[in-house]
Amino acid sequence: MLKVGLIGVGGISVAHIPCWEKFEDTELVALCDVRLEQMKNYSDKRCYTDFDTMLENETLDILDICLPTYLHPEYAIKAMKKGINVVCEKPISLKREDVKKIYAVAEKNNVKFMVAQVLRFWDEYEFVKELIDNKKYGKLLSGSMQRLNIFPDWSFEDWMADEEKSGFVPFDLHIHDLDFLVYALGKPTEIKSFRSKGQKQDVIEVLYNFGGAYINCEATWYKGKIPFNANFRFQFEEAAVIYYAGKLNVYDQNGKIETDDRKQQKNEDTIGIPKSNGYANELRYFTDCVKNDTFPDKVKPEELEEVISILHSL
Ligand SMILES: NC(=O)c1ccc[n+]([C@@H]2O[C@H](COP(=O)([O-])OP(=O)(O)OC[C@H]3O[C@@H](n4cnc5c(N)ncnc54)[C@H](O)[C@@H]3O)[C@@H](O)[C@H]2O)c1
């Protein structure tokens, strides 16, 4: 049984905690948050308000970092120097130079490190990556991705409202889609972007050229309280793949709906592809890397560096 600790019991932690509880080979033994009240629903865990005390008292195999972005490098490095494997929420950092620093500490201390770039583990996005790789419907010609939300006004001490700490929409939201594109298609050859930034509002529109495949991305923090939504549309030579309102469908020239073969084999929904749990998939993958002593190379440091550089250029 691998012993897991989680630090930062805020917004995203509620997506991680049930995954650790569900796995049969991990035990979430300890939580840490500077605000004790954040942990009031977890009376079965050992709860700490100070990270050093947690590290002194616990023998952890894995630390899951769900802290505000500006704390990721410092806490990841501290834990890895104690010999603890670290999985960390995105982004790894706002600074490109931190990527090499963090991976060097992991290597020196012989531990695993991975940034939880969840779309790489999200069924519907993995499905598109497979189509790009296997060319089942021909070459990818174009695409459109949206990630639309309100300003996250629930964050600890309003850290999201400080661009130095959060990086605003590029590092909060657009990073997901860009990271997926760099993972699936490599480095873009051309980038054109437009941005409208105001008080707790930020909107970016970016057009990428990936060697002839044009992908348009939109990411927003609106003041108007819209519901969160993440969608995409990809045009291959022989089919269009559309993910909208949580449903993924494939249309060929006859208008037929096709589905992901993997899912059909498992007798799952044959009309739309089932919603995934990308968070469970990413934490499962990382846990397996720790158990099997393999480098978690599904998230590569050089791709993380590329993404940070692009985000700063928008
Ligand atoms: N992958 C995703 O889909 C996704 C979604 C949301 C957020 N995130 C990422 O997760 C991270 C956290 O975001 P959030 O929305 O949960 O933020 P949040 O502000 O809601 O939660 C952060 C928590 O950390 C605690 N904290 C702050 N400083 C601390 C310290 N020094 N020691 C211990 N605890 C401390 C706060 O009390 C708070 O409970 C961010 O980096 C964000 O980019 C990822």
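The values are calculated or read from the model by the stated rules, or taken from the named source; none is laboratory data. Because the structure is a prediction, the values reported are computed rather than measured. With ideal geometry, Cβ positions are generated from the backbone for all residues, glycine too; neighbour counts draw on all protein chains shown. Heads up: the accessible areas ignore ligands, DNA and RNA and are worked out on the full protein's heavy atoms, side chains in. Shrake-Rupley method; radii C 1.70, N 1.55, O 1.52, S 1.80 Å.
Computed quantities for the displayed model
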{"quantity": "Principal axis dimensions, largest first and in whole angstrom, of the chain by Cα", "calculated": "62, 47, 38"}
{"quantity": "Extension gain, GLU302 back to ASP153 (0.36 nm per residue minus Cα-Cα distance, nm)", "calculated": "50.4 nm"}
{"quantity": "Approximate spin-label separation ALA161-LYS192, in nm, with each point projected 7 Å along Cα-to-Cβ", "calculated": "3.6 nm"}
{"quantity": "Extension reserve of the SER142-GLU130 stretch, reckoned as 0.36 nm per residue once the Cα distance is removed", "calculated": "2.7 nm"}
{"quantity": "Qualifying lysines (Cα of each under 18 Å from Cα of LYS81; at least 8 residues distant if same chain)", "calculated": "LYS3, LYS100, LYS101, LYS108, LYS112"}
{"quantity": "Distance between modelled label sites at ARG96 and GLN199, nm, 7 Å Cα→Cβ extension", "calculated": "3.5 nm"}
{"quantity": "Exposure ranking of THR59, THR220, THR189, THR294 by accessible area [1.4 Å probe, largest first]", "calculated": "THR59, THR189, THR294, THR220"}
{"quantity": "Average accessible surface area per residue within the chain, 1.4 Å rolling probe, Å²", "calculated": "47 Å²"}
{"quantity": "Residues of type lysines that LYS197 reaches as a straight line, Cα spacing below 20 Å, ignoring anything fewer than 8 places off in the same chain", "calculated": "LYS165, LYS223, LYS225"}
{"quantity": "Computed Rg/Rh of the stretch 1-122, alpha carbon atoms with Kirkwood Rh", "calculated": "0.94"}
{"quantity": "Residue with peak Gaussian network fluctuation, the chain [Cα springs, cutoff 10 Å], from TRP154, TRP221, TRP122", "calculated": "TRP154"}
{"quantity": "Computed helical MRE - 222 nm, the chain, DSSP H runs ≥ 4 contributing -39500 (n - 2.57), nearest 500", "calculated": "-9000 deg cm²/dmol"}
{"quantity": "Heavy-atom accessible area order for TYR222, TYR214, TYR75, TYR243, largest first, 1.4 Å probe", "calculated": "TYR214, TYR222, TYR75, TYR243"}
{"quantity": "Cβ-Cβ FRET estimate between ASN254 and ILE226, R0 fixed at 35 Å, reported to 0.05", "calculated": "0.50"}
{"quantity": "Using alpha-carbon coordinates, inclination of helix 175-185 to the longest axis of the chain, degrees", "calculated": "60 degrees"}
{"quantity": "Net charge, TYR208 excluded, C-beta distance under 14 Å - Lys, Arg +1, Asp, Glu -1", "calculated": "-4"}
{"quantity": "Around LYS225: net Lys/Arg minus Asp/Glu count, Cβ-Cβ under 14 Å", "calculated": "+1"}
